[in-house]
1. Pairs only if they're at least six apart or on different chains, beta carbon under 7 angstrom, first in the range 419-431 and touching a residue at least 12 places away in the same chain (Cβ under 8 Å) and of a type in the set (A, V, I, L, M), second assigned to a loop (DSSP other than H, G, I, E, B) and open to solvent by less than 40 Å² (accessible area, probe 1.4 Å); list them, first residue then second.
2. Identify all residues within the range 253-309 that are farther than 17 Å from CYS208 by Cα and of a type in the set (Gly, Ala, Ser); write none if there are none.
3. Would the range 247-259 turn up any residue that is modelled with pLDDT of 90 or more and not small (Gly, Ala, Ser)?
4. Could you please let me know if PHE139 is closer than 30 Å to TYR254 by Cα, under 30 Å from the mean Cα position of the chain (by Cα) and not charged (D, E, K, R)?
5. Among the residues of the range 270-297, which ones are open to solvent by 40 Å² or more (accessible area, probe 1.4 Å) and under 15 Å from the mean Cα position of the chain (by Cα)?
6. Which condition breaks for ARG418 when tested against (1) closer than 23 Å to ASP348 by Cα; (2) open to solvent by less than 60 Å² (accessible area, probe 1.4 Å)?
7. Would you point out the residue of the range 181-235, among those that are hydroxyl-bearing (Ser, Thr, Tyr) and either touching a residue at least 60 places away in the same chain (Cβ under 8 Å) or outside any loop (DSSP other than H, G, I, E, B) (or both), that is surrounded by the most Cβ atoms within 10 Å (Cβ to Cβ)?
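The values are calculated or read from the model by the stated rules, or taken from the named source; none is laboratory data. Just so we're clear, the structure is a prediction, and the values are computed from it rather than from any experiment. Cβ sites come from the backbone with ideal geometry, for glycine too, and all protein chains shown count toward neighbours. For the accessible areas, the whole protein counts, side chains as well, though only heavy atoms, and no ligand, DNA or RNA atoms are used. Shrake-Rupley method; radii C 1.70, N 1.55, O 1.52, S 1.80 Å.
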Amino acid sequence: EPSFSPVANTPDCLGDATFSAFWVIAKIPVHTIFDSHPEDGVGAVAISQDAKYLVTVGAGKRVCIWKWTSPEEKSLFSVELHPEYGYQNYIVFNPENHKELVSNSKTQVIFYQWVSSTGLQYCAPHLTDRTFNKTVGLFTQSVFHFSNSQALTATSGGNLVVWDSVCPPSMPASLCVKPLNMKAIKLMHVQKDALSVLTASDSYFVTCDVKGHIKFYDGQLQLVNWYSHFKLGPIQSISFSKSPPSSASKDSNYSSSCTINSQPFIVRNFILSTLDATVLHVTADGTKLDKLMEEAKEAVNAITCHPSQPLIAIGSHCGLLKVWDYMQTKYLTSRIFTGASIQCLSYDSDGSFLAAGFTDGSVYILDSISLEGDCKELKYSKGPITHISFSHDSQYLATADEKYSVTVYKRILKNGERSWEHLAGLHSHYKPIRSIIFGVLLDSNEPRLLSLGEDRLLVEYDLGSSRKEHLAVLRRDRIEQSAVPMCLAWYPPLTPEAFILTANNQYKMKLYNATTRMCR
């Protein structure tokens, strides 16, 4: 039997409706079910407590029960849900009875029961703001009670909906079967902030919210303990360790419960994931918080590959810079820049340096291994950096910004140590710059620098004649008549003649002689 640890919001992990196959994994994949929901993909999935059965929801509409150990690629039972029930994005088994399930969309909770003779049946109990004359909020997650016939649902209004089996005289005996006779019997307002996670661990109900708080309730929904000092973002999932907690001893440092007797609050260790892409481990004994992983919280704006090693650097709008080994899919190192967003990245020719350009106009030149700064922050651009590039000999670094300027930095020997300094900048275009590239001068090993803008100008700079605060221009050429050039690259040195390759917004590519600027 595989070793599973139930996750509180497993559907979020497989929430992309483009997937139509899923894997059962116990350290390594052991079974794959293809085309489980070929028409709309898998929207939610859960596993029974005994790890024998799976339930999937196809894009919130079709629910299927699978015996994943069976070699057959066919579900045991399935049922189609009415569209008015909304997208069912969460589903879970009753841990005490794997033939009972509950799912919810933002607006509807549905209870299920499956038996061999009748198949999969469900009921959708009615609940609105008029039921209790209180605002319910949107449903987030549901869970069965661990000691009685009830179930709970958390809402965005900070409420817990209590469901229980009810058998009114008018109900047919065939429907008076739990959980097909579930009805909302109570609406408990437990806090002001929206609840994002609801699960059960041992004899506690656990809620997490959009403020990063974690609260523990007993079976009577009395608050036992809470964690509010972690300073986390909105919590998206929580998963408790399979290992039971160790008992309190004189060496343990469990927090105290908020009950009258203030007994040590003993709970399993758990893992949290937050909306801002952070995964953390919490050790209950001592309330120790360890960050396991932190990913980009916002859009990835920059990506570059190492010139000789299988490394890739990724920069995001939140200021997170990460380096991965893409052959082993292994994370290597990272650094967070606070207060600015990474806009562009570039390795130098031998991979020793990694340059990063930011939206505040600053430039960092980093050691490519440690990501520590090779020099202080360079901030000479008046607008966000859009392009950044090293010369072939790593002696020059050029940037382009949104203010249509090109800025050049030079590597110098200062006090016996190599360092970078600002050489000069120039407002060389009057429309956005699309590319800056370094090349090598013919018949020499000196670098040459070119920039291309939407103003249709190809500008070449004279680095040899440039000096402090003066960036010399060698020539300006208008390379298009009506089209707008979009990018610039060196043509591979397949012939003795050097060429420049451009592409424009009219889906055309043009080849220019690098010396005469004649279009070939």
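1. Every condition considered, the pairs that remain are LEU426/SER405.
2. Scanning the range 253-309 gives SER255, SER256, SER257, SER262, GLY286, ALA296, ALA299, ALA302, SER308.
3. Within the range 247-259, not a single residue is modelled with pLDDT of 90 or more and not small (Gly, Ala, Ser).
4. no
5. Let us first name the residues in the range 270-297 that are open to solvent by 40 Å² or more (accessible area, probe 1.4 Å), namely 271, 275-276, 281, 285, 288-293, 295, 297.
Hits for the range 270-297 are LEU275, ASP276, LEU292, MET293, GLU295, LYS297.
6. In the conditions (1) closer than 23 Å to ASP348 by Cα; (2) open to solvent by less than 60 Å² (accessible area, probe 1.4 Å), ARG418 misses (2) alone.
7. Checking each candidate, the answer is THR207.
Yes/no matrix, rows are residues, columns are (1) within 20 Å of ALA489 (Cβ to Cβ); (2) more than 35 Å from the chain's Cα centre (by Cα):
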position: ILE369; (1), (2): no, no
position: THR386; (1), (2): yes, no
position: GLN395; (1), (2): no, yes
position: ASP401; (1), (2): no, no
position: GLU417; (1), (2): no, yes
